[in-house]
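Asks: Structure provided below as structure tokens; questions to follow.
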Amino acid sequence: MPTPSDQPATPPRAPGGTHTHVPAPLRTAAAYAWRIIAVGIVVRAGFSVLGHFHRIAVAVFLGLVVTAVLRPAAGLLARFMPRPLAVAAALTGGIVLVLGTLALVGEIVAGQRAGLEKEFVAGIDRIERRLENPPFRLSPDTFADLQSRIGKLLSSHRATLASEALSGATRLLEVLTVLALALFCAVFFTHSGDRQWHWLCDQLPPATRQRTTLAGQAAWQTFTGYTHGILLVAATNAVLVGIALAALGVPLAVPLALLEFLAAFIPLIGSPIALAIAAVVALASKGPLTALLVVALIVIIGQIEGHLLHPIVMSWAVQLHPVVVALAVVGGAVAAGVIGAVVAVPLTAVAWSIYQALRNPSHHPAQGTTGTAGTPSP
């Protein structure tokens, strides 16, 4: 005789008395849907909070970048001198290197200013003459009308331009404030980041400390690996671009190489934009043939970066598919402009490494003492 437990389950009845049956795939989809909605709400709230404190977030991010770059040098110098002095020496050396590079670029631009003005004026005249000839056959009055319209536009919006200039000065002050705060954070992260991380872990419940330590270690290893790798990519691109532009006789080769260095921090799209600017400079100063060679340089640099340098960087950090990188860059740019495009890929890599570390703790043992955001202490 069957027991009650052996009887088939009675399907739930609808209010009208008929049986209802929800398919299992629909129940699974609904379960995932509300979780995805909850995660989306949390992410949206997080971005909203960061939007109000984005300057502080950017300063902390830059401080971590500086720490990732200077901490190995500070650890090496700390073998021969007290750690505070080693941190000061590493930070001072980095500042001197950056300011020296900017001074060199400024001196080159100032030295070539007179010649550049003549070359650009002559280059613009050449471009106008080519556009007047076949196959374009533009009327000479087109350029005169365009210049007059630009002049009228500038004169009619003089007050707006002055306001924008004042706003630019205010933004410059904000940028300097963010940089000062980033250096301030970098000093303490480099000097005593391990003690700060220990203090933070001690404030957590004991049951979560080990997983937090594991996640922090994985995050910092990924972040430092990505930072060092992207610096290698940027420096390699800048050297190749500088040598190529100098060989082609394009003016401002060093400033354009520096622009390429900075643009390389935005994966996939940064380098083409910087090299497109170099192509415009080459077109105005040296003509279309040189500009075409610079365009060919864009293709070559893109192939080297995409098939050689970036795979090395991603192997140092975590494996991210190019589609994921592209989506992260575009999503970051939509959410927070240029800053979002810069920080999107490292943040995505860090989040993925944390997920992998917590999913497979045996492959990511949290050994030793951790430093800033999980760094092994020197």
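The values are calculated or read from the model by the stated rules, or taken from the named source; none is laboratory data. Note that the coordinates shown come from a computational prediction; the quantities given were computed from them, not determined experimentally. Glycine also receives a Cβ, built like all others from the backbone with ideal geometry; neighbour counts cover every protein chain displayed. Heads up: the accessible areas ignore ligands, DNA and RNA and are worked out on the full protein's heavy atoms, side chains in. Shrake-Rupley method; radii C 1.70, N 1.55, O 1.52, S 1.80 Å.
Asks: Among the residues of the stretch 230-250, write down those that are farther than 12 Å from residue 297 by Cβ and surrounded by 20 or more Cβ atoms within 10 Å (Cβ to Cβ).
Replies: 230, 233, 234, 238
Asks: A follow-up question, please. Regarding residue 59, is this residue open to solvent by less than 90 Å² (accessible area, probe 1.4 Å), of a type outside the set (S, T, N, Q), in contact with a helix residue (DSSP H, G or I) (Cβ under 9 Å, 6 or more places away or on another chain) and part of a helix (DSSP H, G or I)?
Replies: Answer is yes for this residue.
Results for (1) of a type in the set (Phe, Trp, Tyr); (2) free of Cβ contacts under 8 Å to residues at least 40 places away in the same chain, shown as yes or no for each residue.
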| residue | (1), (2) |
| --- | --- |
| 226 | yes, no |
| 238 | no, yes |
| 252 | no, no |
| 271 | no, yes |
| 284 | no, no |
| 287 | no, no |
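Asks: Is there a residue in the stretch 242-251 that is touching a Gly at 6+ places or on another chain (Cβ under 8 Å) and closer than 24 Å to residue 72 by Cα? Reasoning before the result, please.
Replies: Here is the first cut: in the stretch 242-251, the residues touching a Gly at 6+ places or on another chain (Cβ under 8 Å) are 251.
Retained after the next criterion (residues that are closer than 24 Å to residue 72 by Cα): none.
Among the residues of the stretch 242-251, not one is touching a Gly at 6+ places or on another chain (Cβ under 8 Å) and closer than 24 Å to residue 72 by Cα, which makes the answer no.
Asks: Could you tell me whether residue 45 is modelled with pLDDT under 85, of a type outside the set (D, E, K, R) and closer than 30 Å to residue 182 by Cβ?
Replies: Taking the combined requirement at face value, the residue satisfies it.
Asks: A further question on this structure: Out of the stretch 332-359, which residues are modelled with pLDDT of 80 or more and not hydrophobic (A, V, I, L, M, F, W, C)?
Replies: Once the filter is applied, which keeps residues that are modelled with pLDDT of 80 or more and not hydrophobic (A, V, I, L, M, F, W, C), the stretch 332-359 yields 332, 340, 346, 348, 353, 355, 356, 359.
Asks: Output the number of the condition that residue 210 fails; it satisfies all remaining conditions of (1) modelled with pLDDT of 90 or more; (2) surrounded by fewer than 17 Cβ atoms within 10 Å (Cβ to Cβ).
Replies: Only one criterion in (1) modelled with pLDDT of 90 or more; (2) surrounded by fewer than 17 Cβ atoms within 10 Å (Cβ to Cβ) is unmet by residue 210, namely (1).
Asks: Tally up the residues in the stretch 105-126 that are at pLDDT below 70 and either in a helix (DSSP H, G or I) or open to solvent by less than 60 Å² (accessible area, probe 1.4 Å) (or both), please.
Replies: 14
Asks: Go through the residues of the stretch 2-18 one by one and say whether even a single one is at pLDDT 85 or above and out of contact with any helix residue (DSSP H, G or I) (no Cβ under 7 Å at 6 or more places or on another chain).
Replies: no
Asks: Against the condition surrounded by fewer than 23 Cβ atoms within 10 Å (Cβ to Cβ) and either under 20 Å from residue 345 (Cβ atoms) or modelled with pLDDT under 85 (or both), how does residue 264 come out, does it pass?
Replies: Answer is no for this residue.
Asks: Also: Looking at the stretch 264-286, can you tell me whether even one residue there is closer than 19 Å to residue 65 by Cα and part of a helix (DSSP H, G or I)?
Replies: yes
Asks: Here is a follow-up. Does residue 256 fit the bill of being on the phi < 0 side of the Ramachandran plot, at pLDDT 85 or above and open to solvent by less than 40 Å² (accessible area, probe 1.4 Å)?
Replies: Numbers: on the phi < 0 side of the Ramachandran plot: yes; at pLDDT 85 or above: yes; open to solvent by less than 40 Å² (accessible area, probe 1.4 Å): yes.
The answer is yes for residue 256.
Asks: If you don't mind, another one. Starting from the stretch 45-70, take each residue that is within 15 Å of residue 344 (Cα to Cα) and list its partners that are modelled with pLDDT of 80 or more and among the hydroxyl-bearing types (Ser, Thr, Tyr), counting only C-beta distances under 6 angstrom and pairs at least six apart or across chains.
Replies: Going by the 6 Å Cβ cut-off, the qualifying pairs are 65/227.
Asks: Any residue that is at pLDDT below 90, outside any loop (DSSP other than H, G, I, E, B), surrounded by 12 or more Cβ atoms within 10 Å (Cβ to Cβ) and in contact with a Pro (Cβ under 8 Å, 6 or more places away or on another chain) - is there at least one of those in the stretch 82-104?
Replies: No: zero hits.
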